[in-house]
Amino acid sequence: MTKQLNIRDQAVWIMLVVITLIFSFAVENFATFGNFITILRQVAIIGILAMGMSFVLIAGGIDLSVGSTLALVGMVTALAMTTYQLPIEVAFILGLMIGIAIGAVNGIMVTITNMSPLIMTLGMSYVARGLAYMTNNGYPVYELPPSIKVIGQGYIFDTIPVPVVITAVIIILGTFVFNKTHLGRQIYALGGNSEAARLSGIAINQVRILAYMISGGLAAVAGIVMMSRVNSGQPLAGNGLEMDALIACVVGGISVQGGQGKAVGVIGGMFVMGVLANGMAIAGLSDYQQMVVKGGVLILVVAVDSYSRTGSLMGWLRQGK
Amino acid sequence: MTKQLNIRDQAVWIMLVVITLIFSFAVENFATFGNFITILRQVAIIGILAMGMSFVLIAGGIDLSVGSTLALVGMVTALAMTTYQLPIEVAFILGLMIGIAIGAVNGIMVTITNMSPLIMTLGMSYVARGLAYMTNNGYPVYELPPSIKVIGQGYIFDTIPVPVVITAVIIILGTFVFNKTHLGRQIYALGGNSEAARLSGIAINQVRILAYMISGGLAAVAGIVMMSRVNSGQPLAGNGLEMDALIACVVGGISVQGGQGKAVGVIGGMFVMGVLANGMAIAGLSDYQQMVVKGGVLILVVAVDSYSRTGSLMGWLRQGK
Amino acid sequence: MDKDSVLELKNITKSFPGVPRALDGVSVSFARGKVHALMGENGAGKSTLIKTLSAAHMPNSGEIYLNGKLIENMTPHMALKLGIGVIYQEFNLVPALSVAENVFLGDMPGNMVTIDRAEVERKTAEIFKEIEVDIDPRALVQDLTIAYKQLVEIAKALSRKVQILILDEPTAALTASEAESLFRIIDRLKVRGVTIIYVSHRFSEIFRIADSITVMRDGRVVQVTDAKDIDRNGLIRAMVGRDVSDAYPRRDFPVGDVVLELKGVGGGIVENVNFAVRKGEIVGLGGLVGAGRTEVMRMVFAADKRDTGHILLDGDEIAPTSPKHAVALGIGMLPEDRKHQGLFLELPIKWNITMAILRKLSVATVLNKAKENTLVSDLIKRMGVKTPTPMQLPRNLSGGNQQKVGVCKWLAAGSRVMIFDEPTRGVDVGARREIYTQMNDLCRQGIAIVMISSDMEELLGMSDRIVVMSEGEQTRILEKDEFSQEAVLFHASTAK
Amino acid sequence: QGKKLKIGFALSGVTTNAIFIDMARDLERRTQAAGYSLLTTDIAEGPQKIVSALENFINAGADVIIFQNYAEEATADLMQQAIDRGVIIGSYDTDSKIAQYSTMASNYELGKVIGQETGKWVSAHKGSKNVAMCTYSKLDFLVERARGMVDGLRETAPDAVVATQLDAGFPHEGVPAGENFLQAVPDLQAVMGINDGGTLGVYQAFKAAGLNKDKGGPVIFGCDASLDGLKAVKENDLFVATVDLDLVNQVGQLYERCVEAALSGTLDESKKLVIYPIKPVYADTVDTYL
Ligand SMILES: Nc1ncnc2c1ncn2[C@@H]1O[C@H](COP(=O)(O)OP(=O)(O)OP(=O)(O)O)[C@@H](O)[C@H]1O
Ligand SMILES: Nc1ncnc2c1ncn2[C@@H]1O[C@H](COP(=O)(O)OP(=O)(O)OP(=O)(O)O)[C@@H](O)[C@H]1O
Ligand SMILES: [Mg+2]
Ligand SMILES: [Mg+2]
């Protein structure tokens, strides 16, 4: 039991070490301090999204709308600060509220109609993306106030990028919520057996909606960081990031079946994806090769992880033959 | 019970009628015979993919690799006929076998490692897409033998497009398998409760792998039709079609939870998506507006469908409050 | 209103799609500090009544009074707050959480925001000590067998300060000794003034603990009596509306040659099991919870991996590699956990029943639906499955009727060796009798039966021989003349 | 001299769009000949991808970075950082304030030429004056190009109307778009597209519908002068023209300038900004491009 648990929680870390070692030896310029910081900065946004996604996944749902939410929030916040000349704080709060509202709509719809969260959030991703384009007729929003650049591009102690700090804080908070609070355990209960949770007096509707709101809210935070990183509101921002966030979660051991996985795995997951993308790019692999390798590694990590949990190959094959 | 069943099976048809009526009245040139044929031709490929996907969905899985498989098969088949000068039939068989092989890999991996099919097929979609590009260094393949054009562009009786006939035959066959054969029943059993299926003496591993092979094989058929329709092999073809096929299935009442839904719903689902896309295009909605409407309708249909099954809003809300 | 009455129901009705009167104007009251047995056939409405009390279901109409106060718009949370604790017939545990977290689910110790994990585990251990079971509070529920899950359910209900404790067939998966410790708990709670509502199909238990007995039939309360004023036959008559012979039906036909033989079978916790079953014979497997009975037979059926030993069918060694293979060899198994292993809750009853014989029903892979329909309606009638239509989903059936559907599936399969794992779990007297008759019928046709049962009466009543197991090992084979409750219990608790 | 340079090259569509692949192949040839290494990245996913690509190029130790600079505000700091490290930057598609060299044609002006050519044809021929347009509204520089197309059309054919427009940047998107054009505007006279890829699909749909020049079917104007676009023009049927920007050569020249600067350490200020020529290609001139 304990032994099994160890393997299962460590698959992602082992993979991370393996990948990092391979790149360090095989790729010139990979194993430098500067590149380490670059990787950190590059995974920061995915880390924020993945942390939010993990709430929804563990609660037994999925949120494919985070990439579009990120874009919409970025656009609205940018417009609020430029065209509408709102104070930065107000614009940020507005952006956050939009993210949370989108999450709330996702959660409420899934709760009321009992529809598949995959479909609900997929539909929402189309809606939010369309709206992101419509806010400024498809054009990006430039000329943001210079002061906001620090969020996406600044450093703390001259070395640690600010987005990394934001991500770290969010992951620490998230892990705390999962492990130590009622809400965290209720989310596990909801994802593990919603009927049991309900009959145990857990307000499952509230908990579910809250999980989606957290995901939406963190997508909004990611949107603001992204906006600052590219120093503009971009309607195409975050395109496909929902899948990267999902992958980071799953690679980190969070099951799409719900009720299982540890938030801390998100860290491992996001680094595996981040190191891989960065290392391949620096190694000069073509985009085509990168796609194949990314797909292959994704399959490999999750397969190994899943296999180490379900036990022997031959046993399984025999049983269901 | 019987009454409920009716509502649930009809949600998609009601929606189809409503959408069609709205477009017919509101949009000039929509309600013409020519446009009806155009819609048929445009949904044909999604119909083929959705039929394949429904096997996997009902078996309790999901297949996000069909879009990329379509592209890879199109590229390989096109190259086989042009650069490698293979006879058309050989090229087609090669293409089909690639599709089936991809399905088999998906099915076998999911079976052996028990990993999430979402992740397996997502990873496979990256791999297959990367390979599709690599086959011809990113370039499309033109100058196909003229005789293959008939598959994607020809007509039967001078009115019915050949792809539509192909789709119709596939849907009829698929429905037959689900309703009349023991394989169909076993697929429902697998998706409904795989452990109970195993203990009922069903070879669940075989059944599951078969379902993925059918999906891969039909993706290959779709790839060949697409190749002929565009009269070239296109490495980016089918991009995002996996989601459209999934949507067609779910809108048609096939649950992503597995074990539920009727193959015939796929027809309704593909027409809702097809009529919507065509109607909005002809109405001159901007791409942005189209995104918003597509997302909204998707949410609406599935929400209504799901809600009509799970019963009263207030009851549910009170229960988990 | 009765002064002692804690809980009073007035005119409760509840309908389901296709079942217009699951509850049909139920009025009943429960007195403080008493044990009320709720009895009735499968589908009589017992579980539904209980679920309206805990707000798992909303009644269509009617009123519920607690301590004389009308309770409106009840939610599960409110029910718990009001001190109504329920152990449901179907488990309600979260597999991926620890035992301790399940016990305190929805009510974890800690402050407003955070939980106190150590406290949760300590308190859980305390409760287990009190009910005399040995489960690690940190184990994950998904790793427990069904009987242990039942014990966790009990602990969960006890973790709350209940004034009304409702138990829906809590002993269906328990053996006599765990059941006895449960009764001791009930006795203690009673002394503390807790009101108990107890649903069971086991008469001996009812007469052991009940003060008053409420009998339901077809969604209505047909009789309320003091336990001391009614006897077993009277109770059966009230429930079923007719007499059901109490004794186990006799089989008086000769047994034949050995069909199935286990030689040194082992794997998992199981070691070295040896016994044989003859044609037309029922071999009972007895033992305490976790003795490994289920595990042995799952190995025979190739549902689990076997490490050692030989299995002989008609004297020839067989090595089934999968359940499919086992079925093809003529072995059938009714699993103990119907919800997870037995039934397709979301697929029609009809499909459930024919799932193991699809190949036989089809010509060149095409199903013969006419044949399927006659077969199914015949079986439904024979077993008395209470359902509006064969297309009904098992999810909507009462627990006992679900069990009957599972039995139907294997009756249809016509296997030469049948393994019944807790065949009458949750089944009412009438239907029980029906299942026994069917089992005897199978014997008459020359089928060999292995029956795992935790119901002592059933084990003693139905078996020709009893293989007793303890901690994964076979401790004794009892022949008919050695049968007694004491003998079974003695060998079941023999340490290695 | 003799230094092994590392080149970073990032374009939107460099994996997917034939003309951009041509550019990448050209650079591959040039780098291989010189023994340099080339890193290529597709940045079609948006500005966040440009940022990552630049970061990666810098960390990989690139000496020259050439990229499609369609959101300079997003990357200004990174570009400066690279230049401070001695990297030579070639900005493609934007007159950069920061990069050492730029080469571009304004997307608006390019669109205008597409529109003007279409308009000329529409004015010169009898017909409904209804024009359809293939757009690609996901990328803002293509939104800009589409704006130019509309204005250009209006200049040369004041009575023409853009009767319908759909996103189509690739052949497989162009086919359904073409079908829908025919249904939405049965008397369509011409189609103008932001590139060749989408219009090639439209062309395919028209051919499948049995339309051709002799039947007076709607004509098509593409852009980019990709090989397949040129071949379609050469067929001298519905695909009337494409627009040549000398793209492959221009990027090749940009590359040479950057490499020269990287090796010599000096800049040729006269070539700081090169505007590439915009030339429509009709059937009569197409052979000089093939
Ligand atoms: N969710 C549901 N949907 C439809 N019908 C239901 C549902 N739950 C219960 N029923 C029906 O209501 C009736 C009463 O069922 P209930 O579960 O209360 O019986 P029970 O007395 O507990 O029987 P058992 O002894 O078998 O557990 C049955 O006819 C059953 O089929
Ligand atoms: N204290 C325990 N906690 C959790 N699991 C246990 C414990 N003791 C035994 N088990 C498990 O019980 C299983 C054996 O149970 P099995 O189901 O075969 O027994 P059984 O005699 O059929 O009893 P029942 O089905 O009533 O539990 C073994 O897999 C073992 O791991
Ligand atoms: Mg019941
Ligand atoms: Mg057992």
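The values are calculated or read from the model by the stated rules, or taken from the named source; none is laboratory data. Keep in mind it's a predicted model, so treat the numbers as computed, not measured. Cβ atoms come from the backbone with ideal geometry, glycine included; neighbour counts cover every protein chain shown. For the accessible areas, the whole protein counts, side chains as well, though only heavy atoms, and no ligand, DNA or RNA atoms are used. Shrake-Rupley method; radii C 1.70, N 1.55, O 1.52, S 1.80 Å.
What to note about this one:
- Length-normalised contact order of chain C in % [C-alpha pairs under 8 Å, at least 6 apart]: 16 percent
- Estimated translational diffusion coefficient (Stokes-Einstein, Kirkwood radius over Cα pairs, 37 °C, 0.692 mPa s) of region B:11-307: 170 µm² per second.
- The value obtained for region B:1-103, namely the Cα convex hull volume divided by the number of residues, is 164 Å³ per residue.
- Heavy atoms of D:Lys231: accessible area, 1.4 Å probe, square angstrom to 10: 80 Å²
- 27 Å Cα-Cα threshold exceeded, pairs from C:Lys156/C:Lys409; C:Lys263/C:Lys360; C:Lys129/C:Lys149; D:Lys138/D:Lys271; A:Lys149/D:Lys49; C:Lys129/C:Lys339: C:Lys156/C:Lys409; C:Lys263/C:Lys360; D:Lys138/D:Lys271; C:Lys129/C:Lys339
- Solvent-accessible area per residue for chain C (1.4 angstrom probe, square angstrom): 38 Å²
- Averaged over the residues of D:40-46, the number of partner chain Cβ atoms lying within 10 Å of the residue Cβ comes to 5.
- Using the Cβ-Cβ distance between C:Asn11 and A:Ser147 with R0 = 56 Å, the FRET efficiency computed as 1/(1 + (r/R0)^6) comes to roughly 0.25.
- When A:Pro145 is represented by a point 7 angstrom out along its Cα-to-C-beta vector, the spacings to that point in the other copies are 6.8 nm, nearest first.
- Distant-in-sequence amide H partners of B:Val141 (H built 1.01 Å from N, under 5 Å): B:Gly233, B:Gln234
- Translational diffusion coefficient (Stokes-Einstein; Kirkwood radius from C-alpha pairs) of chain C at 20 °C, 1.002 mPa s, in µm²/s: 90 µm²/s
- Helical runs (DSSP H, four residues minimum) scored at -39500 (n - 2.57) apiece and divided by the length of chain C put the mean residue ellipticity at 222 nm at -9500 deg cm²/dmol.
- When chain A is treated as a Gaussian network with alpha carbon springs shorter than 10 Å, the biggest mean-square fluctuation among A:Ile214, A:Ile224, A:Ile119 belongs to A:Ile119.
- A straight Cα-to-Cα reach below 16 Å connects A:Lys262 with the lysines A:Lys180, residues fewer than 8 places away in its own chain not being considered.
- Counting Cβ atoms of other protein chains within 10 Å of each residue's Cβ and taking the mean over peptide A:179-192 gives 5.
- Rounded D (µm²/s) - region D:134-232, Kirkwood Rh over Cα pairs, Stokes-Einstein at 25 °C, 0.890 mPa s: 182 µm²/s
- A versus C: buried accessible surface, summed, Å² (probe 1.4 Å, to nearest 100): 2400 Å²
- In sequence order, calculated HN-Hα J values of region D:95-101 (Karplus, 6.51, -1.76, 1.60; Hz; x Gly/Pro): 7, 7, 7, 10, 4, 5, 10
- Under the Debye formula (equal points on every Cα, no solvent term), log10 I(q)/I(0) of region C:370-463 at q = 0.12, 0.20, 0.24 Å⁻¹: -0.37, -1.01, -1.37
- Using θ = phi - 60° and Karplus 6.51 cos²θ - 1.76 cosθ + 1.60, couplings along region C:400-408 (whole Hz; Gly, Pro as x): x, 5, 4, 4, 5, 4, x, 5, 4
- Distances from B:Ile14 to itself in the other copies, using label points 7 Å out along the Cα-Cβ axis, amount to 5.3 nm in increasing order.
- Solvent exposure, largest accessible area first (probe 1.4 Å, DNA, RNA and ligands not counted), of B:Trp13, C:Trp351: B:Trp13, C:Trp351
- Hull shadow area, averaged, chain D [alpha-carbon convex hull, nm²]: 14.7 nm²
- Identity and axial distance of the chain A residue whose Cβ lies nearest the axis relating A to B, Å: A:Leu118, 4
- Rg in Å to one decimal, and Dmax rounded to a whole Å, for region C:234-375 via C-alpha atoms: 18.8, 54
- The residues of region B:11-307 expose, per residue, 31 Å² of accessible area to a 1.4 Å probe.
- Dipole axis of chain C (+1 Lys, Arg; -1 Asp, Glu on Cβ), positive-most option in C:Asn73, C:Asn102, C:Gly315: C:Asn73
- Accessible surface comparison of C:Asp252, D:Asp26, probe 1.4 Å, protein chains only, largest first: the order is C:Asp252, D:Asp26.
- Entries of D:Lys207/D:Lys234; D:Lys126/D:Lys231; B:Lys294/D:Lys129 with Cα pairs more than 20 Å apart: D:Lys126/D:Lys231; B:Lys294/D:Lys129
- Placing one equal scatterer on every Cα of the protein assembly as shown and applying the Debye formula, the log10 ratio I(q)/I(0) at q = 0.05, 0.06, 0.08 Å⁻¹ is -0.44, -0.62, -1.01.
- Using a 7 Å Cα-to-Cβ projection, A:Gly296 label spacings across copies, nm, ascending: 4.6
- Springs join every pair of Cα atoms under 10 Å in this Gaussian network model of chain D, and among D:Gly13, D:Gly229, D:Gly111 the largest mean-square fluctuation is at D:Gly13.
- Within 10 Å of the Cβ of each residue in C:361-367, the mean number of Cβ atoms contributed by other protein chains is 4.
- Modelled spin labels at C:Thr494 and C:Asn73, positioned 7 Å past Cα toward Cβ, are 6.3 nm from each other.
- Isotropic mean projected area of the C-alpha convex hull, region B:77-215 (nm²): 10.7 nm²
- Residue-count net charge about D:Gln183 - beta-carbon cut-off 14 Å; Lys, Arg +1, Asp, Glu -1: -2
- Normalised by residue count, region C:139-183 yields a Cα convex hull volume of 83 Å³ per residue.
- Along the axis of the charge dipole computed for the protein assembly as shown (Cβ charges of +1 for Lys and Arg, -1 for Asp and Glu, origin at the Cα centre), the listed residues C:Val265, B:Asn193, D:Thr31 are led at the positive end by C:Val265.
- Karplus-derived 3J(HN,Hα), 6.51/-1.76/1.60, for each residue of region C:192-209, Hz, glycine and proline x: 6, x, 7, 8, 10, 10, 10, 9, 7, 9, 9, 5, 4, 5, 4, 6, 6, 10
- Accessible surface of region A:11-307, 1.4 Å probe, proportion on carbon and sulfur as whole %: 71 percent
- Total accessible surface hidden between B and D, rounded to 100 Å², 1.4 Å probe: 2400 Å²
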